[in-house]
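The values are calculated or read from the model by the stated rules, or taken from the named source; none is laboratory data. Source: prediction; values computed, not measured. Counting neighbours? That spans all protein chains shown, and the Cβs are built from the backbone with ideal geometry, glycine included.
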């Protein structure tokens, strides 16, 4: 398995991910509202929950998965080593969280469906998120939207944060962030078919009928999906589906679209150069910490303001 010593996340980060992140950060109120409170609002409660209600993976607990995880950590040069948990959940899903103590969570439904090579893809994918600093931005955005929405309802004058496009900017970035993590999965495994198989299984493969599913047919479906864009009305439908037209904003690109992006990158000169060892290196490896740009005096004033708002929120809720 290849190893990319000292690799920077910028070496494999998708340009659409970078553009969408810049758009997200440019929305008024994003850093102002969220940057100081991620650790206490999301990271610690989630970590406590996982420690109490899931299995922490290690050398003597899910040992084979832990071995794969350690290999992926080494391959992407992620430091310090994140935690790994398995949660009893039939949903075929995984995710990464955390700022000071990042960790990856695998659902049992995912482990029951994927083979070892595909589990490696998923682990590398989630470590790619951590390497790029995605969990931090994700938590910041979710908290910012929650607080801004509550404040807006109480007419404190900050409701325009949501109206200014924070929600759309967040989901657009979140979808594009998946493209960077997909690249991490390919870099670690160096096996395009395993990555594409994992996407096909996430799209709709049943463990009972897996033998009747064809990757080549799924690739053909991906090509046919792109052909739908020949009709402008289909492009409108795609936009609406992603942005709440079906009742909810979508957090991930459709698997057939991810397939196309990854196939293009797998045949690119950029990918070939990384494989040859010609990639941008980071001074400090691992998760990219998102630091507030607010001076200390302003940060302290902001802290007091939000504490006052939180007290007002609590007071109104208790009525």
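Worth a mention:
- Only helices (runs of 4 or more DSSP H) whose full extent lies in the range 101-195 are considered here, and the ones with at least 1 residues that are under 12 Å from the mean Cα position of the chain (by Cα) and either under 26 Å from residue 88 (Cβ atoms) or at pLDDT below 95 (or both) are 116-132, 134-153, 167-189.
- Within the range 83-97, the residues that satisfy the criterion of being in a loop (DSSP other than H, G, I, E, B) and under 18 Å from residue 178 (Cβ atoms) are 91, 92, 93.
- Meets criteria (surrounded by 13 or more Cβ atoms within 10 Å (Cβ to Cβ) and at pLDDT 95 or above) for residue 201: yes
- The set of residues in the range 57-77 being free of Cβ contacts under 8 Å to residues at least 40 places away in the same chain and surrounded by fewer than 19 Cβ atoms within 10 Å (Cβ to Cβ) consists of 58, 59, 60, 61, 63, 66, 67, 70.
- Residue 80 meets each of the listed conditions (1) in a loop (DSSP other than H, G, I, E, B); (2) in contact with a helix residue (DSSP H, G or I) (Cβ under 8 Å, 6 or more places away or on another chain); (3) in contact (Cβ under 8 Å) with a residue 60 or more places away in the chain apart from (2).
- Restricting 12, 30 to residues that are crowded, with 18+ Cβ neighbours inside 10 Å, in contact with a helix residue (DSSP H, G or I) (Cβ under 9 Å, 6 or more places away or on another chain) and modelled with pLDDT of 95 or more narrows the list to 12.
- Residue count for the range 106-118 satisfying the condition of being touching a helix residue (DSSP H, G or I) at 6+ places or on another chain (Cβ under 9 Å) and under 14 Å from residue 85 (Cβ atoms): 3.
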